[in-house]
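The values are calculated or read from the model by the stated rules, or taken from the named source; none is laboratory data. Since the structure is predicted, the reported quantities are computational estimates derived from the model, not experimental observations. Heads up, the Cβs are rebuilt from the backbone with ideal geometry, glycines too, and the neighbour counts pull from every protein chain shown.
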Amino acid sequence: MYQIIDGKAISTQLKDELKERVSALKEQGKQPCLAVILVGEDPASTVYVGNKKKACEYIGIKSLSYELPESTTQEELLALIGKLNDDDSVNGILVQLPLPKHIDEDAVIQAISPKKDVDGFHPQSVGALCIGQPGFVSCTPAGIIELLKRSNIEIAGKECVVIGRSNIVGKPMSLLMLRENATVTICHSKTRDLKEVARRADILIVAIGKPKMITAEYVKEGAVVIDVGIHRLEGKKLCGDVDFDDVAPHTSAITPVPGGVGPMTIAMLMKNCVDAGE
């Protein structure tokens with residue numbers, strides 16, 4: 001029988017630990033503060049920002065919200081980031097992506113001070129991860145490491161295959177698995193014999209953005225499968241990049257969608273804010 005890795009329960013456990021750390025900080029007269037910037041009215045982004053505010057409230061982190069119109073210029077956005085960089089009461093700055101087409105995302109990410117880069121996207125944060133220096137780590141991959149560890153899944157010495165090479169998930173994920181002493185293979189759209197490569201994995205991490213693409217044919221018996229994808233099908237039902245019903249019986253452990261990786265992303269963002277506050 002396979003284990004369903006419960007991201008909701010694990011994220012709640014983590015948030016409760018953070019709550020205690022925040023109340024200890026408040027006793028020293030400090031309160032972590034997160035500034036969230038949303039440009040435009042992308043419906044998914046609006047939902048994410050709402051969830052981040054709720055998490056801040058639950059843990060006791062102060063949150064500042066900047067909801068800017070779609071017409072905001074890059075100069076105006078960079079000026080706001082500059083102001084927040086200089087504000088000592090703000091520990092973390094988060095600009096919700098995607099941004100409107102006329103704004104250069106790279107320029108915006110690079111404008112955030114690495115000390116306040118709680119998303120872990122700044123080139124300096126990514127470079128620190130590459131060479132094993134301390135720094136903020138991208139929240140989704142960091143959350144996956146927590147899911148594995150808190151589910152008592154051994155990582156060291158295991159064969160790990162990451163499908164997807166994005167800057168936000170695939171690349172940092174592979175670096176984190178290396179840090180935990182796994183043997184890592186990264187696959188992408190140009191990988192030959194993807195099924196064969198995926199079937200080598202003791203731990204298969206899927207972040208490709210295609211609904212239900214990964215079926216049982218891609219999975220070794222008894223593997224651990226982590227599904228990073230989230231898609232809304234017709235009829236509003238959510239699914240991941242993995243065909244859960246087909247794959248689950250062949251695994252030793254698997255994350256569901258929803259309720260797997262998703263809740264961990266916000267919990268790790270909160271952890272980064274508390275770390276910054278401390």
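Looking at P249, P211, which one is under 25 Å from N152 (Cα atoms) and of a type outside the set (K, R)? On inspection, the qualifying residue turns out to be P249. Among residues of the stretch 235-258 being within 20 Å of S45 (Cα to Cα) and without any contact (Cβ under 8 Å) to a residue 24 or more places away in the chain, the one that is surrounded by the fewest Cβ atoms within 10 Å (Cβ to Cβ) is K236.
Number of residues in the stretch 213-234 that are exposed (fewer than 15 other Cβ atoms within 10 Å of the Cβ), at pLDDT below 95 and not in a strand (DSSP E or B): the value is 2.
Every residue, every condition in (1) over 30 Å from V225 (Cβ atoms); (2) β-branched (V, I, T), yes or no:
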position: I4; (1), (2): no, yes
position: Q13; (1), (2): no, no
position: V39; (1), (2): yes, yes
position: S45; (1), (2): no, no
position: Y48; (1), (2): no, no
position: E67; (1), (2): yes, no
position: G82; (1), (2): yes, no
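Within the stretch 86-102, being at pLDDT 95 or above, out of contact with any strand residue (DSSP E or B) (no Cβ under 7 Å at 6 or more places or on another chain) and of a type outside the set (D, E, K, R) holds for one residue alone: H102.
Of all positions in the stretch 249-261, at least one carries a residue that is closer than 19 Å to R165 by Cα and in contact with a Ser or Thr (Cβ under 9 Å, 6 or more places away or on another chain).
Confirm whether E67 is in contact with a strand residue (DSSP E or B) (Cβ under 7 Å, 6 or more places away or on another chain) and surrounded by fewer than 15 Cβ atoms within 10 Å (Cβ to Cβ). Here the answer is yes, as E67 does meet what is asked. Here no strands (runs of 3 or more DSSP E) wholly within the stretch 109-207 include at least 2 residues being assigned by TED's automatic domain parsing to the domain that holds D227 and modelled with pLDDT under 95. A single entry from K15, K53 fulfils the requirement of being part of a helix (DSSP H, G or I), surrounded by fewer than 17 Cβ atoms within 10 Å (Cβ to Cβ) and not hydrophobic (A, V, I, L, M, F, W, C): K53.
Within the stretch 80-98, can one find any residue that is closer than 24 Å to T140 by Cα and charged (D, E, K, R)? No, every residue in the stretch 80-98 fails to be closer than 24 Å to T140 by Cα and charged (D, E, K, R).
Taking the condition touching a Gly at 6+ places or on another chain (Cβ under 6 Å), modelled with pLDDT of 95 or more, surrounded by 15 or more Cβ atoms within 10 Å (Cβ to Cβ) and closer than 19 Å to K271 by Cβ, does V22 pass?
On the way: touching a Gly at 6+ places or on another chain (Cβ under 6 Å): yes; modelled with pLDDT of 95 or more: yes; surrounded by 15 or more Cβ atoms within 10 Å (Cβ to Cβ): yes; closer than 19 Å to K271 by Cβ: yes.
For V22, the condition - touching a Gly at 6+ places or on another chain (Cβ under 6 Å), modelled with pLDDT of 95 or more, surrounded by 15 or more Cβ atoms within 10 Å (Cβ to Cβ) and closer than 19 Å to K271 by Cβ - is met.
The single condition among (1) crowded, with 20+ Cβ neighbours inside 10 Å; (2) among the β-branched types (V, I, T); (3) under 20 Å from A142 (Cα atoms) that V39 does not satisfy is (3).
Any idea which residue in the stretch 79-108 is surrounded by the fewest Cβ atoms within 10 Å (Cβ to Cβ), counting only those that are touching a residue at least 60 places away in the same chain (Cβ under 8 Å) and part of a loop (DSSP other than H, G, I, E, B)? Even if it seems obvious, please write down each step before you answer.
In the first step, residues of the stretch 79-108 are kept if they are touching a residue at least 60 places away in the same chain (Cβ under 8 Å); the result is 91-92, 94, 96, 99-100, 103.
Add one more test, that the residue is part of a loop (DSSP other than H, G, I, E, B), and what stays is 91, 96, 99-100, 103.
Values: N91: 24, Q96: 20, L99: 23, P100: 16, I103: 19.
Top of the filtered list is P100.
Look at the stretch 178-202: where a residue is in contact (Cβ under 8 Å) with a residue 12 or more places away in the chain and a partner is among the hydroxyl-bearing types (S, T, Y) and assigned to a loop (DSSP other than H, G, I, E, B), sitting 6+ places away or on another chain with Cβ atoms under 7 Å, you get V197/T191.
Of the set (1) surrounded by 14 or more Cβ atoms within 10 Å (Cβ to Cβ); (2) polar (S, T, N, Q); (3) within 17 Å of V274 (Cα to Cα), all apply to S45 but (3).
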